[in-house]
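Reviewing the structure listed below.
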Amino acid sequence: LVASGQVAQIPYHLNRAMDNGLTREQASEALTHLAFYAGWPNAFSALPVFKEVFEKRPG
């Protein structure tokens, strides 16, 4: 989703991943890793979406 710029779909998938044990740190590391392969502009477009999901989740 990040690589194709489909950021509107990220909240659903990121929330499900976190429901199944993915930590904020792991999600952040994955986004950083993706930036090198999918391009920094795509990663920076996804960053506010990741932050919004993190802010809405407890903990």
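Rule-based calculations on the coordinates, nothing more; no lab input. As the structure is a prediction and not an experimental result, all values here were calculated from the model. Every residue, glycine among them, receives a Cβ derived from its backbone with ideal geometry; neighbour counts consider all protein chains shown.
Out of Gly59, Gly39, Gly5, report the one residue that is more than 11 Å from the chain's Cα centre (by Cα), surrounded by 14 or more Cβ atoms within 10 Å (Cβ to Cβ) and among the small types (Gly, Ala, Ser).
Values: Gly59 fails: surrounded by 14 or more Cβ atoms within 10 Å (Cβ to Cβ); Gly5 fails: surrounded by 14 or more Cβ atoms within 10 Å (Cβ to Cβ).
Of Gly59, Gly39, Gly5, the one residue that is more than 11 Å from the chain's Cα centre (by Cα), surrounded by 14 or more Cβ atoms within 10 Å (Cβ to Cβ) and among the small types (Gly, Ala, Ser) is Gly39.
Restricting attention to segment 10-38, which residues are of a type in the set (S, T, N, Q) and in contact (Cβ under 8 Å) with a residue 12 or more places away in the chain?
Filtering segment 10-38 for residues of a type in the set (S, T, N, Q) gives 15, 20, 23, 26, 28, 32.
Within segment 10-38, Asn15, Ser28 qualify.
What are the pairs, 6+ residues apart or on separate chains, where a residue within segment 45-59 that is in contact (Cβ under 8 Å) with a residue 12 or more places away in the chain has its Cβ under 9 Å from a residue that is of a type in the set (S, T, N, Q)?
Phe50/Ser28; Val53/Asn15; Phe54/Ser28; Arg57/Asn15
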